[in-house]
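The values are calculated or read from the model by the stated rules, or taken from the named source; none is laboratory data. Remember, predicted model here, so these are calculated numbers, not experimental data. Here the Cβ is made from the backbone with ideal geometry for all residues, glycine too, and neighbour counts use every protein chain on show. With ligands, DNA and RNA removed, areas are computed over all heavy atoms of the protein, side chains included. Shrake-Rupley method; radii C 1.70, N 1.55, O 1.52, S 1.80 Å.
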Amino acid sequence: MPQSPFSPDRRSLLAAAAAAPLLLSGAARAATPDLSALKDMTTEAVPIGPDERRRRLDRAQALMRANGIGAVLIESGSSLVYFTGIRWGRSERALLAVLPAEGQPCIVSPYFEESRMRETLAVPAEVRVWQEDEDPLKVVAGFLRDRKLAARPVGIEETVRFFVPDMLAHVLPGAKIVTANPVVRGCRMIKTPAELALMQLATDVTIAAYRWVYPRVEKGMTGHDIAALMDSATERLGGSPEFSLVLIGEAAAYPHGTKAVHRVADGEIVLMDCGCTVQGYQSDVSRTFVFGSPSKDQRMVWDQVHQGQQTALAAARIGAQAGSVDVAVRKLYESFGYGPGYKLPGCSHRTGHGIGLDGHEPVYLVRGEKTPLAPGMCFSNEPGIYIPGKFGVRLEDCFHMTEAGPKWFSNPPPSIDQPLD
């Protein structure tokens with residue numbers, strides 16, 4: 001589900017939920033669920049290996065040369081994992097990777113963290129350290145000078161915090177600071193077969209968890225109750241839960257819900273938006289069903305969203321602009337009387353987002369995005385419809401682009417009466 005400018009993202013919602021006591025109700029409160037029938041599906045998952053990481057660096061260096069960039073500076077986060085394997089939380093102590101246009105990368109690490117950093121470093125690299133009373137960007141500048149790259153543009157990965165390039169400009173006067181998007185996006189947007197296999201496995205885990213949870217939803221349960229079941233099933237199946245957002249009744253009319261507590265009741269919409277990771281690669285699947293018998297309006301909106309998903313998939317053609325997928329869905333929904341554009345009632349968020357190591361990553365299926373679709377790109381497909389004060393429906397399945405067109409990671413459900421494929 002895309003992040004909304006009007007709502008906290010799902011990570012924030014999960015953090016808030018984790019900070020509060022989990023109050024289970026109904027059957028969820030009565031006993032710990034029996035997970036014995038669920039087996040780990042990830043035992044044969046193949047992690048990203050050294051050959052794949054070497055090819056990533058080779059491609060990044062080719063893109064640097066093609067774009068006139070001498071080096072790329074990356075801070076801890078998913079791009080650091082992608083290129084080096086290092087998993088590291090961000091703090092005031094910068095841990096940085098410098099990818100040069102030629103030769104091995106350099107890891108700039110706090111001195112006292114070097115041994116811990118090396119536990120996840122997965123590529124050959126020079127390591128330079130800085131002490132607590134030293135400036136890590138001076139170490140970066142020294143590396144660039146030693147590699148004779150100081151006079152060439154330095155690309156900054158798009159999530160790097162402002163103080164990093166700002167300090168670099170002070171210690172390397174005259175440095176030309178540019179965006180690293182042509183390099184980093186140019187690599188990460190195109191998934192390899194190894195990455196696609198991990199994303200497929202993560203999706204398979206999420207679908208299996210849905211199939212286990214769905215018949216166990218009971219009257220009186222809260223969204224927290226259902227999310228707890230989903231997380232337990234996901235872990236048992238071998239995935240690492242990333243988010244489990246469950247919206248009931250009117251809460252489903254708002255893409256990320258509200259603070260109000262809603263309980264499952266006869267005739268109420270239940271919207272679940274859940275995902276996990278396998279070897280760091282993410283799934284993202286949403287399902288909407290009705291507890292009991294759906295009303296005429298619920299059935300109509302569900303069918304419209306199902307048609308919206310198919311319209312988006314049909315518009316996802318190799319070479320088409322990413323934004324054209326969103327435009328096709330808006331046109332369909334406006335023919336139903338929604339909108340116009342992103343106005344409510346209708347779909348107030350983009351049709352989809354890129355996905356991979358991050359749940360949301362470039363590029364996006366949103367109006368105005370001109371990036372052409374290419375084989376290996378991966379997206380969510382989730383053109384929900386939201387009717388404030390009443391209910392909302394979101395169906396979300398991810399797909400990846402192939403030479404022959406888009407291919408689902410998970411198949412959309414056939415009907416509101418059969419809400420799982």
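One table, with the values for the structure above:
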read-out: 4 °C / 1.567 mPa s Stokes-Einstein diffusion coefficient of the chain, Kirkwood radius on C-alpha pairs, µm²/s; value: 57 µm²/s
read-out: Dipole moment magnitude, nearest 20 debye, the chain about Cα centre, only Lys, Arg, Asp, Glu C-beta charged; value: 860 debye
read-out: Residues of the stretch 88-158: accessible area per residue with a 1.4 Å probe, Å²; value: 48 Å²
read-out: Gain on full stretching of the segment that runs from His170 to Ala66 - 0.36 nm per residue minus C-alpha separation; value: 34.7 nm
read-out: Gyration tensor verdict on the stretch 352-421 (Cα atoms; rounded if a/c is under 1.5, prolate if a/b is larger than b/c, oblate otherwise); value: oblate
read-out: Lysines whose Cα lies under 22 Å from that of Lys148, excluding same-chain neighbours fewer than 8 positions away; value: Lys138, Lys176
read-out: Rounded percent of accessible protein surface that carbon and sulfur make up, the chain, 1.4 Å probe; value: 53 percent
read-out: Difference of contour (0.36 nm per residue) and Cα-Cα distance, Arg93 to Phe336; value: 82.2 nm
read-out: Antiparallel DSSP beta bridges within the chain, percent to nearest 5; value: 80 percent
read-out: Dipole axis of the stretch 148-263 (+1 Lys, Arg; -1 Asp, Glu on Cβ), positive-most option in Pro182, Ala150, Ala197; value: Ala150
read-out: Thr371-Arg118 pseudo-label distance in nm [points 7 Å out on the Cα-to-Cβ vector]; value: 3.6 nm
read-out: Inter-label distance, nm, simple model (7 Å from Cα along the C-beta direction), Tyr111/Asp146; value: 1.6 nm
read-out: Where the stretch 225-362 is the region considered: accessible area per residue in Å², 1.4 Å probe; value: 35 Å²
read-out: Cβ charges +1 (Lys, Arg) and -1 (Asp, Glu), total dipole of the stretch 133-251, debye; value: 620 debye
read-out: Computed helical MRE - 222 nm, the chain, DSSP H runs ≥ 4 contributing -39500 (n - 2.57), nearest 500; value: -10500 deg cm²/dmol
read-out: Three-way shape call for the stretch 111-152 based on the alpha-carbon gyration tensor, with the a/c threshold at 1.5; value: oblate
read-out: Contact order relative to length of the stretch 187-294, as percent, for alpha carbon pairs under 8 angstrom and 6 or more apart; value: 31 percent
read-out: Sequence ranges 308-321, 43-56, 339-352, ranked by mean other-Cβ count within 10 angstrom, highest first; value: 339-352, 308-321, 43-56
read-out: Set of aspartates and glutamates near Lys191 by C-alpha distance (under 14 Å), chain-local residues within fewer than 8 positions excluded; value: Glu52, Asp358, Glu361, Glu403
read-out: Unsatisfied cross-links (Cα-Cα over 22 Å) in the set Lys296/Lys407; Lys331/Lys370; Lys259/Lys390; Lys219/Lys390; value: Lys296/Lys407
read-out: Assigned charges on the beta-carbon of Lys, Arg, Asp, Glu; the stretch 288-421 dipole about Cα centre (debye); value: 420 debye
read-out: Cα shape, the stretch 44-121, gyration tensor, a/c 1.5 rule; value: oblate
read-out: Span-like helix ranges in the chain, DSSP H, alpha carbon extent 18 angstrom or more, Kyte mean at least 0.0; value: 193-213, 322-335
